[in-house]
1. On a straight-distance basis, which aspartates and glutamates could pair with K245 in a cross-link, Cα separation under 14 angstrom, same-chain partners fewer than 8 positions away excluded?
2. Whole-Hz ³J(HN,Hα) for each residue in region 179-187, computed from phi via Karplus 6.51 cos²θ - 1.76 cosθ + 1.60 with θ = phi - 60°, x for glycine and proline: what do you get?
3. Mind listing the phi-derived Karplus ³J(HN,Hα) values for region 317-325, rounded to whole Hz, using 6.51, -1.76 and 1.60 with θ = phi - 60°, and x for any glycine or proline?
4. Would you compute, from DSSP H runs of 4+ residues alone, the mean residue ellipticity of the chain at 222 nm, taking -39500 (n - 2.57) per run and dividing by the full residue count, rounded to the nearest 500?
5. Modelling each spin label as a point 7 Å along the Cα-to-Cβ direction, I'd like the Y169/L380 distance in nm, to one decimal.
6. Which Cα, out of L452, L530, V494, lies furthest along the positive dipole direction of the chain (beta carbon charges, K/R +1, D/E -1)?
7. Where in region 167-273 are there chymotrypsin sites (Phe, Trp or Tyr not before Pro) that are in a DSSP coil and have at most 15 other Cβ atoms within 10 angstrom of their Cβ?
8. Modelling each spin label as a point 7 Å along the Cα-to-Cβ direction, I'd like the I438/N314 distance in nm, to one decimal.
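Bear in mind these aren't lab numbers, they're just calculated from the coordinates by the rules spelled out. Just so it is clear, the structure is predicted and the values come from calculations on it, not from any experiment. As a convention, Cβ positions derive from the backbone with ideal geometry for all residues, glycine included, and neighbour counts pool all protein chains shown.
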Amino acid sequence: MKYRFYTLIVFFLASFQLFSQDLRTRLGRTIYNPDSATIILELEEENLQNAADSGIYFYFLAEQYNVARENDLAAEYFLKSAELIDSKSKNQDLISLSYIRLNRLESIDGRFERALMYSQKGLQNSTAALDTNYMGYALLDISVVYHDMEEYERGVEYGKQAYQLLTSYSKARAPFIAFALNAIGINFDDWDKPDSALFYHYKVLENIENLDSTRISFTFNNIANTLLKQKKYSEAEPWLHTAVKVNQKSMDDYSLAANYTNLATIAYKRRDFGKAQVMMDSAYKYVEQSESTEKKRDYLYEQYGFNKAKGNLNEAMDYLEQYVAVKDSIFKEERVKTLGELEAKYQVETKERELAESRAALAENELVVEAQNNQLLLLLILVLISFGVGFFIYYRQKNKNRHLEQEAKLQAIYAEQETQKRLHEQRDRISSDLHDNIGAQLTFIISSLNNLKFGNLDLEKLSDKIDQISGFTVETINELRDTIWAMNKDHISVEDLESRLAHLISKAKISYPQIDFELKIENEVDRNLLLNSIEGMNYYRVIQEAVNNALKHSDAKKISITFSQDQDKIRLCVEDDGVGISQENKFGNGLGNMKTRAERIGRELSIASDEGKGTQICIY
């Protein structure tokens, strides 16, 4: 059973910055003179001048209710204090402290969502004030709330944020660093990571010379708690005795209840039932004195375990029933409390808001009357200046908008002209390609047919020639289809190109069944990336030519086509495992034509080949 630092009142107050020093100093005496606190508060209530004074007053009033364990009233006045104090004043630290107190009060009652909300508000306040110490404290409070909500991973995350923030700040308060380490440790402990929990708990002790042991007594108990869970009772017990010694000096009933309950647990786990009974009696005493429902719940659960271990099953079941009843009562009581708190909070807020507004109006009225004439004159001047500046800005903006509209129209016209120009250039290139390739091939076919008229060929040779002309005609038709395919598209996507190459491979497989073909698309390739029709057609032609060369000349067993992408550029490679290309014939077999096509669309062509080791041709 772990406990956290719920009652560190004196420490916080000792660190206050002084602003409205007289009032704050006088009210501060309520902490060190609790017997006179009621009289001091009654006297100082008459001296409140404005809302900010009321905020300071409410803070110290809330502390008295907090010490008296009147949690509902304490929460109301801490909240009022946070609302009334000026977040930009030197008293903004009271806002952070109010949210810390509200977090504790909500956590005790199990309202963790509200506790988290107050810690987040505290973080916002301290961040706006650039108060690193209280930023760290808000983060470690969030860590503890996540621990109580059993979200240990997030608890560790926020605890580490608090620790890193505080350790990077040269003026960080040593106890705050210890609290951050504790928050990390208790999350690791209940996350079932005892080694990590002990690592962070032991780190607290590394700086013990700068710490008051009463402020880190929770560390001794938490180290013991982790060791107890590991059944390392001999190691855990000395830490608990140290914690008891420290907490008895400070008369911390809440902490002593946890210490003695843990000692009782160790004793009955060792089956030393006599010692366990003595420890249980002490635990019961401090549970009653602390009036903590949480500690009563833990005590009843260990009594159940103690009696079960002794074989007193009837008593064990009685304690178990009491434990369940106490646990359930927390939620039942909370429902009633919530309704009462909301009503009381509403009434207090209404009365205090009216009081603060009337005092503020009274204080400001005299200043308003004195400065009224000057303010009216200044207002008139400002109105005239504002009108002039506004008219100037309006006129300038209107001219600017008109200029931007004209510029946008010109840019649109220019863009349309550029588009038409590019389309015209593309059509010229396609026309040239038809003339250079298809036209030349048709001319060759006509010439070959004419030659047949005058050739004195036997039937077999004539048949071979006709077959050659037929094959060349089919090739020409296919090229014409490819060109028409490209012309019919404004753009060709990578997916279109992939489909076209897949068709090429399927045809090649029919003619060359002994060759293994592969078409690979790398993961980074965007299939929706668009090329213009000229680029797409020339990419296709280069790959087509490379595949045809490999089929005719490489004697390959495998031919691969690979798509890859570098930013917005497509890279296509054809690779075979054939005989390679000799240096004497580097630009034969259509390689020169491929290079020309690549240059035509502003791309590079690379050829890598070793004789007997295959060839790789890439366009990119």
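1. Within the straight-line limit of under 14 Å, K245 reaches these aspartates and glutamates: D212, E237, D253.
2. Running phi through 6.51 cos²θ - 1.76 cosθ + 1.60 with θ = phi - 60° gives 5, 5, 4, 4, 4, 5, x, 5, 5 Hz.
3. Working through the residues one at a time gives 5, 5, 5, 5, 5, 5, 4, 4, 5 Hz.
4. -24500 deg cm²/dmol
5. According to this spin-label approximation, the distance is 5.1 nm.
6. Towards the positive end, the residue furthest out is L452.
7. Y169
8. Modelled inter-label distance: 10.7 nm.
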